[in-house]
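In what follows, a single structure is set out as structure tokens and then discussed.
Every read-out reported here was derived from the displayed coordinates using simple, explicitly stated rules and does not represent laboratory data. Here the structure is a predicted model, which means the values were calculated and not measured. FYI the Cβ positions are ideal-geometry reconstructions off the backbone, even for glycines, and counts take in every protein chain you see.
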Amino acid sequence: MKKIYLFTIFLAFSFSFFNCAQQKVAHNTKVVENGKNILIGEFDRKALEDPEFKKWFDEEYNSYEIEQNKLTGIENLKDYSIEIFLGTWCPDSRREVPRLLKILDQEKFPASQLHLIAVNHKKKSNNGEDVGKNVSHVPTIIVYDKNKKEVGRIVESPVSAYLEEDLAQIVKGTPLKPNYSND
């Protein structure tokens, strides 16, 4: 019995250690592509504080003024999860992602329900997070319901011209047809 107990503790410790090691690698992946450092794979938002990314992120985040009147209906956003595929090399991602994060911050959107995944110029991540997601342009912002079913997406830029309005339409169940849609 003592051996089973020790083995169980060993397995739990090993799993925890492996999991932490995996997160550290996955959340701090910087590679050089076309002579520039880029993020690739799933990462923590803190990675955007790196000097390579901080200037453009802070500049857009701080200058963006949220259109409060376009947020009507977004109250239930916390009932969803959001996956953002972006390119730290991409001008559209550099514009839209800081704006979206500012909106999410204002709405106190739970960090645990937000997944940031960086892709390379071929729109591929390092751990296959993009597989089956139809990521052809970045940023691609995918909103999922509680059952992990996609309920809407914003591709490259908002269709309505406002991230706030596109998000509100998704939450209301009337998502706008995203840019580059195959429908």
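Test of understanding: express the Cα radius of gyration of the stretch 28-183 as a ratio to 2.2 N^0.38 Å, with N the residue count.
Values: Rg = 14.7 Å, N = 156, 2.2 N^0.38 = 15.0 Å.
Compared with the compact-globule rule of thumb, the stretch 28-183 sits at 0.98.
Could you sort out which of 30/108; 36/122; 30/55; 78/122; 46/122 sit more than 21 Å apart by Cα distance in this structure? Walk me through the numbers on the way to the answer.
On the way: 30/108 28 Å; 36/122 15 Å; 30/55 17 Å; 78/122 31 Å; 46/122 24 Å.
Flagged as over cut-off: 30/108; 78/122; 46/122.
If the label point is 7 Å along Cα→Cβ of residue 172, which residues in the stretch 40-73 have backbone nitrogen under 13 Å from it?
Output list for this probe position: 69-73.
With label points built 7 Å along Cα→Cβ from the Cα atoms of residue 63 and residue 36, find their separation and express it in nm.
It is 1.6 nm.
State, to one decimal in nm, how far the label point of residue 151 lies from the label point of residue 122, with both points 7 Å from Cα in the Cβ direction.
The two pseudo-label positions are separated by 3.5 nm.
How many percent of DSSP beta bridges within the stretch 32-160 run antiparallel, rounded to 5? Present the calculation step by step, with values, prior to reporting the outcome.
Details: 15 of 20 bridges.
Rounded to the nearest five, the antiparallel share is 75 percent.
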